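Input: a single structure, listed below in structure tokens.
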Amino acid sequence: MRLAGLPIAMLLLAGAAPAQQVKWNFDKLAARASDTVDVSLSGSLLQFATKFLSDDDKDEAKVKKLVGSLKGIYVRSFEFKKPGEYSAADVDSFRAPLHSPDWQRVVGTHSTENGETVEVYIKSEGKGIGGLAIIASEPKELTLVNIVGSIDLDSLSELGGHFGIPEGLEVEKEKKK
Amino acid sequence: MESFEEELRSALRRCEPSPDFAERVLARVSAAPVRRAQHPWVPWLAAIAAALLLTVGSLEYRHYRGERAKDQVLLAMRIAGSKLNKAQKKVQMVAHRSNS
């Protein structure tokens, strides 16, 4: 793992590009997975959902604030019965759309202990983040997250500790190879 | 046997109606009282009830869709958060190792 010393807030300087959903093809994996989670919320549905997030509930209020400016949330998680049900080539195919100059890999972690790999990509847009993508793979699980839209880092920071989101996400930047 | 057949033939022979048959039928039809709803407000009440049912149904469906979308948002944030958390922990662990 190679990490340089810039906090994530420094990533907000790159050029603008219209925010849009990452095009991933899940067909092969879906057929092999034993369990699948599929969350697909486009802009209008997302805005509709925020109306049902309570302002009185502390956690929901923070999520509401965070997702208010988003244009889409897409999550796909595949669970497999045994290791080796998906290949490195499958994971590579998910990385491919993120190899464009718009995207930058900010974190890449790998654990030899449990074979877990997490990669975090950020799409810069204007003065903010225009999108976030996560590819997380474990021997029996593969998860892909794509958040489209301007992510308010203050709101993200406020969400620290809630729903497993870390406090003040000060991850460091890895230069794109 | 023959007489029976004669009777049958006679009974079933073609018989033309009288010339004013059609007029008489039409006259009786127009003279017959038209059956109307006992209460004129019944159709209105039925329409209002249907509209109300439709409104309540669509509101209920909207609420169901909203709650479902909300659950999906919370699930998505939970999954995204947990993955970020793992990455952050790993980064912190490596940073801690390199500092010590």
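In this structure, the residue pairs whose Cα-Cα separation is over 28 Å, taken from B:Lys70/B:Lys90; A:Lys58/B:Lys89; A:Lys58/A:Lys82; A:Lys51/B:Lys90; A:Lys23/B:Lys83; A:Lys82/B:Lys70, are B:Lys70/B:Lys90; A:Lys58/A:Lys82; A:Lys51/B:Lys90; A:Lys82/B:Lys70. As a rough footprinting exposure proxy, the listed residues A:Val148, A:Val91, A:Val63, B:Val25 were ranked by other beta carbons within 10 Å of their own, and the order from fewest upward is B:Val25, A:Val91, A:Val148, A:Val63. Of the trypsin sites (Lys or Arg not before Pro) found in the stretch B:1-80, those that fall in a DSSP loop while having at most 10 other beta-carbon atoms within 10 Å are B:Arg13, B:Arg14, B:Arg35, B:Arg36. Length gained on full extension, B:Phe4 to B:Arg68: 14.9 nm, using 0.36 nm per residue less the C-alpha separation. Quote the FRET efficiency, to the nearest 0.05, computed for B:Leu53 versus B:Val29 with a Förster distance R0 of 30 Å and r equal to the Cβ-Cβ distance. E(calc), rounded to 0.05, equals 0.20. Just flag the trypsin sites (Lys or Arg not before Pro) in the stretch A:68-141 sitting in loop per DSSP whose Cβ has no more than 14 other Cβ atoms within 10 Å. Those that pass, being in a loop and sparsely packed, are A:Lys81, A:Lys127.
A crude spin-label estimate for the pair A:Arg95 and B:Glu60, with each label 7 Å from Cα along the Cβ direction, gives 5.2 nm. Shielding value for A:107-113 is 3, the average number of Cβ atoms from other chains within 10 Å of each residue's Cβ. Can you give me the distance in nm between label points at B:Ala95 and A:Asn25, each placed 7 Å from the Cα along the Cα-to-Cβ direction? For B:Ala95 paired with A:Asn25, the spin-label model returns 3.9 nm. Per residue of A:124-132, how many C-beta atoms from partner chains lie within 10 Å of its own C-beta, taken as a mean? Across the residues of A:124-132, the mean count of other-chain Cβ atoms within 10 Å is 0.
Values in this text are rule-based calculations from the coordinates and carry no lab data. Treat the numbers as computed from the prediction; the structure is a model and nothing was measured. Ideal geometry is used to build each Cβ from the backbone, glycine not excepted, and the neighbour counts take in all protein chains shown.
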